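Shown next, in structure tokens, is the structure this report addresses.
The values are calculated or read from the model by the stated rules, or taken from the named source; none is laboratory data. Here the structure is a predicted model, which means the values were calculated and not measured. We place every Cβ from the backbone using ideal geometry, glycine too, and count neighbours over all the protein chains shown. Note: areas computed on protein heavy atoms with side chains; ligands, DNA, RNA excluded. Shrake-Rupley method; radii C 1.70, N 1.55, O 1.52, S 1.80 Å.
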Amino acid sequence: AFVSNLDSLPSTQLYGIIVGLTVLISFTLLAGGGGGVVDVVGVSPIMVEKKVSANSSAGPQPKWFVLKWLNVIFVAAFLLSVIHFSWHAQTYLNDSSSSLYFLVGWSLFLCYFFGFFGISFVDITDEDLVSSNSSASAVSETTTKPKKSVLHPPAASAPVCSDPVSSSSRATTNTTTSKDDIKAMDNDAIAQLVLTGQMKDHELEKVLDAFRAVDVRRIIMQDRLSSLLGKDTHCLKNLPVGPSLDYAQVHGANCEIVVGYVPLPVGMVGPLTLNDESVYIPMATTEGCLVASTQRGAKAISQGKLGAVATIVRDGITRAPCLRMNSAKEAALLKLWCETPIHFASMKAAFESTTSFGKLKGCNPTIAGRNIYLRLICFSGDAMGMNMVSKGSLAVIDLLRLQFPSLQLVALSGNMCTDKKAAATNWLEGRGKSVVVEAIIPQKVVRATLKTTVAKMVHTNLHKNLIGSAMAGTIGGFNAHASNIVTAVFLATGQDPAQNVESSNCITLLEETEDGDLWISCTMPSLEVGTVGGGTSLPAQAACLKAIGVQGGGVVPGANARKLATVVAAATMAGELSLLAALAANTLVQAHMKHNRKAPSKK
């Protein structure tokens, strides 16, 4: 009966009923779903925090109840107009002026619905937001790992080595407190002077004795690092300040016939903005002004809009066994066999049977007569990977012997790897991590922080790093002093210092942008780093890795090692930037003579 009654209704009235029911249902659903906890959970914590801040501000707030009443009035008016038109459709359809009035009215209703109808439903009270904010944060943390959003401002001042002329005229501190009063303070109070900008951290030794200055500086650095890595992260706890080394940890792992150890001072560069986060970089060195100069470059980079942006373009450690066959023809057949996809799959399976993390990514055979150099490329997770790729290479050789019984292993490393030697193969094909890092330094920063001009720096880089290095016939040495920074970070973080040979391969490029700013990039195709194994397990070196935020294995295999590679590259770019500025301004010798020479000791 109900269906027959519907069939008897005119189509216009039936249309009006459908429209009215649709609007009524939509209104009911929206009104019932607003302001609940479920809605807040669906909002990201950042959006919630912004809304709480906006609603709790002292400024005037919109009168949300007015919009709610307007919604009721407009919905009711719209429904009545539709129903009225449906019941008298024949009359209005024959009267063009009446139809026009209805069309204009409905258009105005639609404008209101599109523009204002949903606002009152989105509004959530402060109490709802506060009570559910913790739930939103908990859901967000369990589903995705939040990206670090804490960015430290650039260093408050450039270190003294960067500007020998103006440094002599600078006051020791910005506070009116006398030196004697500062000495009378406890270490935490002095650290607060530095953290609040009333005193400069590199000038602590001018007020305190050297040992106490180091203690205060550790408090300062711990505070800064805690804001990035968490308050319970005691990064520097295992970085010694006095004679201490657990020789039991060294035995059988790091050194033989041990008679002692050589202490190296460790300086901390930072903050340096890298890939939208602040990092601090430990550098172990005995070269005065190196840390201070790198700090100046880090400050200039962080003063730019984006800071440093680094990208890993290749990731694979290599080993190239030297194999020898009975004839050159057999060597050629072995090369072709290895390059066949189905055979490479067998090699990959043999290689990966020896390791949990290692993955064989490629094989590049090179022939020299009866010799064949099998350059195997391996992903090694967070390890630097030399032991991993060597063990896997032996498994590959055992497989090849089954196919080529005459195969002889001359040397597991045939020098085409190439490890700890300058080599074009590393420069062109990469080894370890291949990184490119760039930054744009505003011209005003070049003048104020680097004390030179964009044009002078571009000119110096062209004639020194590019033309000069080309005339010297260098391989991978198109830079000012990349090995300085690479070695200092390697020593601090437990890397193999001998691998600075290939890891320091770098070409530094500078250009002037259309806006007159300075664009700089460093391309480093063979950075060999790891965060597990070797020297990274020693307490002091592990503490330095922890300060960077990359100690041990990452949640994603290889993530920590890749981040460490970007940090080394960014630090190298900071060092390049500062040294090129000093050369362009001709202040290099003056800075070193002023700040890298101790005064004669008084007898």
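Using a simple spin-label model with pseudo-atoms 7 Å out from Cα toward Cβ, residue 188 and residue 91 lie 8.5 nm apart. Pairs spanning more than 25 Å between alpha-carbon atoms, out of 335/391; 179/299; 348/421; 361/563; 299/546; 359/433: 179/299; 348/421. Each peptide among 189-197, 283-291, 265-273 gets the average number of other Cβ atoms lying within 10 Å of its residues, and from highest to lowest they stand as 265-273, 283-291, 189-197.
Couplings 3J(HN,Hα) for the range 466-483, derived from phi with the Karplus relation 6.51 cos²θ - 1.76 cosθ + 1.60 (θ = phi - 60°), are 9, 5, x, 5, 5, 5, 7, x, 6, 10, x, x, 8, 8, 7, 6, 4, 5 Hz, where x marks Gly and Pro.
Of the peptides 404-411, 251-258, the order by per-residue mean of other Cβ atoms within 10 Å, starting with the highest, comes out as 404-411, 251-258. What residues of the range 251-266 lie in the reach of a label at residue 537, counting those whose backbone N is under 11 Å from a point 7 Å from the Cα along Cα→Cβ? Residues passing the 11 Å test: 251-254. What residues of the range 307-327 lie in the reach of a label at residue 398, counting those whose backbone N is under 20 Å from a point 7 Å from the Cα along Cα→Cβ? Residues passing the 20 Å test: 319-324. Say a paramagnetic label sat at a point 7 Å from the Cα of residue 370, along Cα to Cβ; which residues of the range 409-446 have their backbone N under 14 Å from it? Residues 409-410 qualify, since their backbone N sits under 14 Å from the label point. Close amide-amide hydrogen proximity is noted between residue 306 and 440, each under 5 Å apart and 5 or more residues distant or on a separate chain (H modeled in the peptide plane; Pro and chain starts excluded).
3J(HN,Hα) along the range 194-207: 6, 5, 8, x, 7, 8, 9, 5, 7, 10, 4, 5, 6, 10 Hz, from the Karplus curve 6.51 cos²θ - 1.76 cosθ + 1.60 with θ = phi - 60°, whole Hz, x for Gly and Pro. Think of the range 439-594 as a dipole: +1 on every Lys or Arg Cβ, -1 on every Asp or Glu Cβ, centred on the Cα centre; then among 557, 498, 462, 498 lies furthest on the positive end.
Rounded to the nearest 0.05, the FRET efficiency derived from the C-beta distance between residue 463 and residue 314 at R0 = 22 Å is 0.15.
Taking label points 7 Å from Cα along the Cα-to-Cβ direction, residue 361 and residue 249 give a separation of 3.0 nm.
Heavy-atom accessible area, probed at 1.4 angstrom with all protein chains present, ranks 463, 343 as 463, 343, highest first. The trypsin sites (Lys or Arg not before Pro) found in the range 185-259 that occupy coil by DSSP, while having at most 15 further C-beta atoms within 10 Å, are 231, 237. If R0 is 25 Å, the Cβ-Cβ spacing of residue 420 and residue 286 corresponds to a FRET efficiency of close to 0.70.
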